1. Give, as a single signed number, the net charge of other residues whose beta carbon lies under 13 Å from the beta carbon of Val441, with Lys and Arg counted +1 and Asp and Glu -1.
2. Would you mind calculating the relative contact order of the chain from Cα pairs under 8 angstrom and at least 6 residues apart, reporting the percent as a whole number?
3. Provide the net charge surrounding Ala180, with neighbours chosen by a C-beta distance below 13 Å and charges set as Lys +1, Arg +1, Asp -1, Glu -1.
4. If the cut-off is a Cα-Cα distance under 19 Å, which lysines reach Lys122, setting aside same-chain residues fewer than 8 apart in sequence?
5. In a shell of Cβ-Cβ distance under 10 Å around Ile215, excluding Ile215 itself, what net charge do Lys and Arg (+1) and Asp and Glu (-1) give?
6. Which is farthest toward the positive dipole end of the stretch 205-270 among Met254, Thr242, Ala229, measuring Cα position about the Cα centre, with Cβ charges +1 (Lys, Arg) and -1 (Asp, Glu)?
Amino acid sequence: MVPFPKIIQGGMGVGVSNWRLAQAVSRLGQLGVVSGTALDSLFVRRLADGDLGGHMRRGLDAFPFPEMARRIWQEYFVPGGKPADAPYPTAPMHQRVEPRKLVELCIVSNFVEVFLAREGHKNPVGVNFLEKVQLPHLASIYGAMLAGVGYVLMGAGIPLHIPGVLDMYAAGRRAEYKLAVTGATPDQDTQMRFCPSDYIEGALPTLCRPRFLAIVSSNTLATTMLRRASGRVDGLVIESPTAGGHNAPPRGKMQLNADGEPVYGERDKVDIAALRELGVPFWLAGGYGNADKLHEALELGAAGVQVGTAFAFSEESGMRPDLKKRLLAQAREGVGDVFTDPLASPTGFPFKVAQLEGTSSALNVYQERKRVCDLGYLRDPYAQPDGKIGYRCAAEPVATYVAKGGKIEDTVGRKCLCNALLANIGYAQTRKDGDVEPPLVTVGDDLNTIAQFLAPGRESYSAAQVVESLLSKVAAEPAATAEPVLAATA
């Protein structure tokens, strides 16, 4: 059995934790993780840009179902890339019962990302999903498992059903997943279903069951996962409110400080001694991006740490180079500012936003944006009067949301994270009127500490430098062996 890593690279944003970053970290014997969020849309946009470097084609050539790969390629590949000012094509928005084309796109896109991350070495690679983005789960997980993913990580909710899904796929059986539907009656069918035999070409592949790590924020949630999950939970990532992306809301009534950020108190602190008694490996996350904190975590009995922000600004990450450069410059001066926005996310979870002029964090930029919901990953399923399931998002046009039974007060301050996070990595949608979706960068509270990885005279750093720095106060172990990696260009 492959030992557990001391460092888990966080699965960040849409495509920030891309295959290049995960590959770089896993080659060094730590756990590289790709973000599984919106991979289908990201894959479509990579193909629409002409598949720079030919990496998507290489992944498709390795896909075990060639006819499915051919259909996806023919549907979305644009030779030479689309015109720069032309909109990206969009896939259908997800729903409980998916069209076959969308299921296939999820399978293929997740396979390709994990395949590329695993290319050229023999160490495990992980994939990170958000429990709040439920609709693509079944097909996405199957695609990742087809590629031999070693770990599945999930947070932003309580992913009780996922371990059982992994067990079913490893047994070659149909998996089901209960969709959370607001207002659903007990007799309403809210199950999502995926049967591998409906999509294979030839014999059913034998799949290995990946390890499952639940990302939780409290001892209560940790205990709940271990007692109530539908299958084996192999470990826990304990994420504090200082971590980037979505944060768990404070326990109890939401209170805001003078700056308008949620206030976390004693009830939100984790009892490490109680975690040790649960008897499963755990990693600490949120502000653990330095050698002292890794050493401290190991001394406390943790298996290691999960680190996001430091890797998000490495050369291999998918974040736009201009955004990296500007925020790195702020960090070097110690003036980087991160706001925990209680309203930005349509999910209702607090969301960390780096304050940067010209992005969605600048109020004037977002107030000028016309509300559009055309990706829909964060839509909330709800029961309609006719018994069907509808979908609404607090960041969609206000009149549309209210017409679907939503409360107008829930729309205040909401931002379209789906489009903004794709803009963060250079795949911003261009609208027919010429407007371009603005980015919105999410990072942890420890943004300013990333300057520690910059060598004198350098304006960037690699993932390998982060790993080396983090391990610098940990007893040396035999280095993991890895095969040469194919050059990654474009």
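Values in this text are rule-based calculations from the coordinates and carry no lab data. Every value quoted in this text rests on a predicted model; they were computed, and no experiment measured them. Glycine also receives a Cβ, built like all others from the backbone with ideal geometry; neighbour counts cover every protein chain displayed.
1. Numbers: positive: Arg320, Lys324, Lys325, Arg326, Lys352, Lys415; negative: Asp322, Asp337, Asp341, Glu357.
Around Val441, the surrounding residues sum to +2.
2. In percent, rounded to a whole number, it is 18.
3. Summing Lys/Arg as +1 and Asp/Glu as -1 gives +2.
4. Answer for Lys122, where 19 Å is the Cα cut-off: Lys6, listed by chain and number.
5. -2
6. Result: Ala229, furthest along the dipole toward the positive end.
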